[in-house]
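S.K.: Mind having a look at this structure? Questions to follow.
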C-alpha cells in the first residue's frame, strides 16, 4: 500500500466507474431505473471528485460551497420524488451526507491546503451517518446474495428482452459500491 493517495485513487476509480454505469442506466426502458439513475450518477461523480487526493489536486476554496449547493439541490429533488413513499429516502440522505462533508471541508482550517482528515465535522453526526451507511452496505450486500428459484417460478423480467443496464443486481452493486465509498469518506472526517 502506498498510503492515503493510493486508497484515494481507488475510491475515485470506484465512484467514477459507478457514475458512468449509472449514466448508461439512464437509457433503460424501465422507468424506475431512468428516474434514479441520474441522481446516482451525480452522486458517483461527485464522490469521485471529492475523493481526489489532495496531493494531486487541491480544489479552490469556492468548490466546497458549490458542492454543498449542488448536492443540496439534488437532495431536495430526491426528497420531492420520495414524497409518494419511503422507498427512496436513501437518496436524500446520501445527498445530505455529501452536503455535510462539503460544508465540513469548507469550514475546516485546512480547507485551503488540501483535504483535512480527522479534524472536521461534528463527531455525533458523523457517527450517525457512519452507522446508517454501514447498515445500508450490509443490507444491500445481503440483497445481492443469490436466492435459489423455486421450481416453476419465473424470475422478475424473465421473458422480456432487457439489456444489461436494466439488471437490478447491477444497480444494487452500484449502490453497494457507493455506500462503501460513503463509509470510507465519512471515516476520514
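S.K.: May I ask you to say which residue of 179, 157 is surrounded by 12 or more Cβ atoms within 10 Å (Cβ to Cβ) and modelled with pLDDT under 80?
M.R.: On the way: 179 fails: modelled with pLDDT under 80.
Every option except 157 fails the conditions.
S.K.: I would also like to ask the following. Tell me which residues, restricted to region 84-94, are within 23 Å of residue 176 (Cβ to Cβ), assigned to a helix (DSSP H, G or I) and either without any contact (Cβ under 8 Å) to a residue 40 or more places away in the chain or out of contact with any helix residue (DSSP H, G or I) (no Cβ under 8 Å at 6 or more places or on another chain) (or both). So that I can check it myself, show each step before the final result.
M.R.: Filtering region 84-94 for residues within 23 Å of residue 176 (Cβ to Cβ) gives 85-94.
Applying the additional criterion that residues be assigned to a helix (DSSP H, G or I) yields 90-94.
If the condition is that a residue be within 23 Å of residue 176 (Cβ to Cβ), assigned to a helix (DSSP H, G or I) and either without any contact (Cβ under 8 Å) to a residue 40 or more places away in the chain or out of contact with any helix residue (DSSP H, G or I) (no Cβ under 8 Å at 6 or more places or on another chain) (or both), then 92, 93 are the ones that fit.
S.K.: Test residue 19 against the stated conditions and say whether it is surrounded by 18 or more Cβ atoms within 10 Å (Cβ to Cβ) and in a helix (DSSP H, G or I).
M.R.: On the way: surrounded by 18 or more Cβ atoms within 10 Å (Cβ to Cβ): yes; in a helix (DSSP H, G or I): yes.
Against the criterion (surrounded by 18 or more Cβ atoms within 10 Å (Cβ to Cβ) and in a helix (DSSP H, G or I)), residue 19 qualifies.
S.K.: Tell me the residue from 55, 73, 81, 49 that is part of a helix (DSSP H, G or I) and either within 19 Å of residue 108 (Cα to Cα) or in contact with a strand residue (DSSP E or B) (Cβ under 9 Å, 6 or more places away or on another chain) (or both), please. Full working, then the answer.
M.R.: Numbers: 55 fails: part of a helix (DSSP H, G or I); 73 fails: either within 19 Å of residue 108 (Cα to Cα) or in contact with a strand residue (DSSP E or B) (Cβ under 9 Å, 6 or more places away or on another chain) (or both); 81 fails: either within 19 Å of residue 108 (Cα to Cα) or in contact with a strand residue (DSSP E or B) (Cβ under 9 Å, 6 or more places away or on another chain) (or both).
Among 55, 73, 81, 49, only 49 is part of a helix (DSSP H, G or I) and either within 19 Å of residue 108 (Cα to Cα) or in contact with a strand residue (DSSP E or B) (Cβ under 9 Å, 6 or more places away or on another chain) (or both).
S.K.: Tally time: how many residues in region 8-25 are more than 12 Å from the chain's Cα centre (by Cα) and closer than 18 Å to residue 188 by Cβ?
M.R.: Keep residues of region 8-25 that are more than 12 Å from the chain's Cα centre (by Cα), which gives 8-10, 13, 20-21, 23-25.
So of that shortlist, the ones also closer than 18 Å to residue 188 by Cβ come out as 8-10, 13.
Adding up the residues that qualify gives 4.
S.K.: If you check every pair at least six apart or on different chains, which have Cβ atoms under 8 Å apart with a residue in region 64-75 that is touching a residue at least 60 places away in the same chain (Cβ under 8 Å) and at positive phi first and a residue that is surrounded by fewer than 20 Cβ atoms within 10 Å (Cβ to Cβ) and part of a helix (DSSP H, G or I) second?
M.R.: If the second residue must be surrounded by fewer than 20 Cβ atoms within 10 Å (Cβ to Cβ) and part of a helix (DSSP H, G or I), no pairs are left.
S.K.: Can I ask one more? So, in region 22-46, of the ones that are part of a loop (DSSP other than H, G, I, E, B) and at pLDDT 85 or above, which residue ends up nearest to residue 67 (Cα to Cα)? Break it down stepwise before answering.
M.R.: Kept after step one, since they are part of a loop (DSSP other than H, G, I, E, B), are these residues of region 22-46: 26-30.
Restricting the remaining residues to those that are at pLDDT 85 or above gives 26-27.
Working: 26: 23, 27: 26 Å.
The extreme case among them is 26.
One line per residue, one yes/no per condition, for (1) under 15 Å from residue 47 (Cβ atoms); (2) at pLDDT 90 or above; (3) in contact with a strand residue (DSSP E or B) (Cβ under 9 Å, 6 or more places away or on another chain); (4) surrounded by fewer than 16 Cβ atoms within 10 Å (Cβ to Cβ):
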| residue | (1), (2), (3), (4) |
| --- | --- |
| 68 | yes, yes, no, no |
| 94 | yes, yes, no, no |
| 100 | yes, yes, no, no |
| 105 | yes, no, no, no |
| 108 | no, no, no, no |
| 113 | no, no, no, yes |
| 137 | yes, yes, no, no |
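The values are calculated or read from the model by the stated rules, or taken from the named source; none is laboratory data. What you see is a predicted model; the values in this text were computed from it and never measured. Note that we place each Cβ from the backbone using ideal geometry, even for glycine, and neighbour counts take in every protein chain shown.
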